[in-house]
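To keep things clear, I will list the structure first and then write my remarks on it.
The values are calculated or read from the model by the stated rules, or taken from the named source; none is laboratory data. In this text the structure is predicted, and so the values were computed from the model without any measurement. Here Cβ is always computed from backbone atoms with ideal geometry, including for glycine, and neighbour counts include all displayed protein chains. Just the protein is used for accessible areas: all its heavy atoms, side chains included, with ligands, DNA and RNA removed. Shrake-Rupley method; radii C 1.70, N 1.55, O 1.52, S 1.80 Å.
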Amino acid sequence: MSDTAQRNRPGTPANDPLGESAEQAKKTSVPKRGGGDPAGRGRTTIADGVVEKIAGLAARDVIGVHAMGSGFSRTLGAVRDRVPGGKSAVTRGVKAEVGEVQTALDLEIVVDYGVSIAEVARDVRENVISAVERMTGLEVVEVNIAVSDVKLPDEEDEEPESRLQ
């Protein structure tokens, strides 16, 4: 019987084009390096500050949010922003607790006068949860929002003016 006829004969194990049976090919194949899923080959940790930055930027994107943090922290932050090498104001008003797979956030916001605080809080919560979960893969278990002030239309911002122009 020819080689081709034997390969196509019913009841015989399927052979590859080189004439090896499937069992022989398994025995001689080279194992993959590292073995297994690459995701299981180490640990990824995400710092609290990373989650705080993501949440701070996401909260500021919501219409009706005038600022983040209390009046005192905003004043100090404005001064710190002007100091060369000073820390960014992105995380002002945001506190995160990050675990291995979950995170919880506390936000302190100032809303614009005339907006619905309940709607702004809902929109902030949705935007923050979406951004943090999408970017980090962490499950956001809670987002607590404290509204510390309302920005009136005729109020000046509490941030001091720069002497430089």
Tell me, please, whether a residue that is at pLDDT below 90 and open to solvent by 30 Å² or more (accessible area, probe 1.4 Å) can be found in the range 47-67. no
In the range 86-118, how many are more than 12 Å from V51 (Cα to Cα), surrounded by 17 or more Cβ atoms within 10 Å (Cβ to Cβ) and among the small types (G, A, S)? 2
Restricting the search to the range 129-150, which residues are more than 9 Å from the chain's Cα centre (by Cα) and hydrophobic (A, V, I, L, M, F, W, C)? V140, V141, V143, I145, A146, V147, V150
Given (1) open to solvent by 60 Å² or more (accessible area, probe 1.4 Å); (2) at pLDDT 95 or above, identify the lone condition not met by L152. (2)
How many residues does the range 108-160 contain that are of a type in the set (S, T, N, Q) and part of a helix (DSSP H, G or I)? 3
State which residue pairs qualify: first residue closer than 13 Å to L57 by Cα and buried (at least 18 other Cβ atoms within 10 Å of the Cβ) and inside the range 119-142, second residue polar (S, T, N, Q) and modelled with pLDDT of 95 or more in any location, beta carbons under 7 Å apart, and separation of 6 or more residues or different chains. V132/T103
